[in-house]
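Notes for the one structure printed next.
No lab work stands behind these numbers, since they all come straight from the coordinates. Keep in mind that this is a model prediction, so the values were computed, not measured. All Cβ positions, even for glycine, are placed from backbone atoms using ideal geometry, and neighbour counts span all protein chains on display.
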Amino acid sequence: EVQLLESGGGLVQPGGSLRLSCAASGFTFSSYAMTWVRQAPGKGLECISGISGSGGSTYYADSVKGRFTISRDKSKNMLYLQLNSLRAEDTAVYYCAKSNSGWFFPLDYWGQGTLVTVSS
Amino acid sequence: QSVLIQPPSASGTPGQRVTISCSGSGSNIGSNTVSWYQHLPGTAPKLLIYNNHQRPSGVPDRFSGSKSGTSASLAINGLQSEDEADYYCAAWDDSLNGIFGGGTKLTVL
C-alpha cells in the first residue's frame, strides 16, 4: 500500500525557515517523480515544486523560485522541501504527492498534508 | 487567477448529470494531458481522471473526462450526496510547471 506522510510544518516568523519531509513507502521510490502542492486558506491547490525520479530534474513555481528547494533521498525513501525567506502568503497546508510515472503528472497518491503558518 | 479556468461553483440534485469545464491554452491543455482531482476539506486530494479520460482503479464509472483542443471537462453521472467536494483540473504547462485550475465547489442539492 502506497503511503506518504508529511512532517515538519509549524509556526514560523516571516523571514524564517522550515524543512518539510515526506516519508514514502509501498512503492519503488526512485522510479517516480514527486511533487509538493500547497493550499492556502480559502484558496485552491497550487503546484509549487516537483522532482524527477532520479532527482536530476526539478521545477519551481514562480511564487517560490529562489526561496524553496526540493530534494529527495532514495536511500531513505524521503522527499524534502526546504522553505527559506518565508512570507505570510506561504501559509498553507503542504501536500506531497506521487506521480504515476517518471513524468511529473498525474499525481496518483497524496499525503494528508502538513500545515505551515507564517506569522509574527 | 489560475491559468486553467474553472467555474467556481456547480450544483445538481441526486441522480442528475453535472459537468465541470476547464479552459486552458496551447501551452498546457492544448499540448499535454489533463487530470482531475476530488478534494474534501481536511483530506488528501484524490485522483479521479488521468490522461484526459482514464479512471484509476476504484473510481466509479459515473466519473468521466474528455478533452477537446484547449478545453477539458469532467462529467459526473448519477450524482450522489458523497460527490459534494471541490474538483480541480490539472495539466503540465510547457513553461515548465504543473498547474491546477482554480477549483469548482460542487454542491449536491
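Among the GluC sites (Glu not before Pro) in the range A:1-101, those placed in a DSSP loop whose Cβ has at most 13 other Cβ atoms within 10 Å are A:1.
Beyond 21 Å between alpha-carbons counts as too far, so tell me which of A:65/B:67; A:74/A:98; A:43/B:46; B:46/B:105 fall in that bin. Table pairs above 21 Å Cα-Cα are A:65/B:67. Residue A:110 sits among other residues whose Cβ lies under 10 Å from its own Cβ, and their net charge, with Lys and Arg +1 and Asp and Glu -1, is 0.
Loop-located trypsin sites (Lys or Arg not before Pro) across the range A:27-120 with a Cβ neighbour count of 16 or fewer within 10 Å are A:43, A:65, A:67, A:74, A:76, A:87, with loop assigned by DSSP. Inter-label distance, residue B:31 to residue A:89: 2.7 nm, where each label sits 7 Å from its Cα along the C-beta direction.
The distance separating the Cα centre of the range A:1-37 from that of the range B:1-62 comes to 24 Å. Summing charges over neighbours of residue B:24, with a neighbour being any other residue whose Cβ is under 15 Å away from its Cβ, gives -1 when K and R count +1 and D and E count -1.
Quote the relative contact order of chain B in percent (integer), defining contacts as alpha-carbon pairs under 8 Å separated by 6+ residues.
It rounds to 39 percent for chain B.
The distance separating the Cα centre of the range A:45-120 from that of the range B:66-100 comes to 21 Å. Taking a Cβ cut-off of under 10 Å around residue B:108, the surrounding Lys, Arg, Asp and Glu residues balance to a net charge of -3, with basic ones at +1 and acidic ones at -1.
Among the cysteines of the protein assembly as shown, those with no neighbouring cysteine Cβ under 4.7 Å are A:47.
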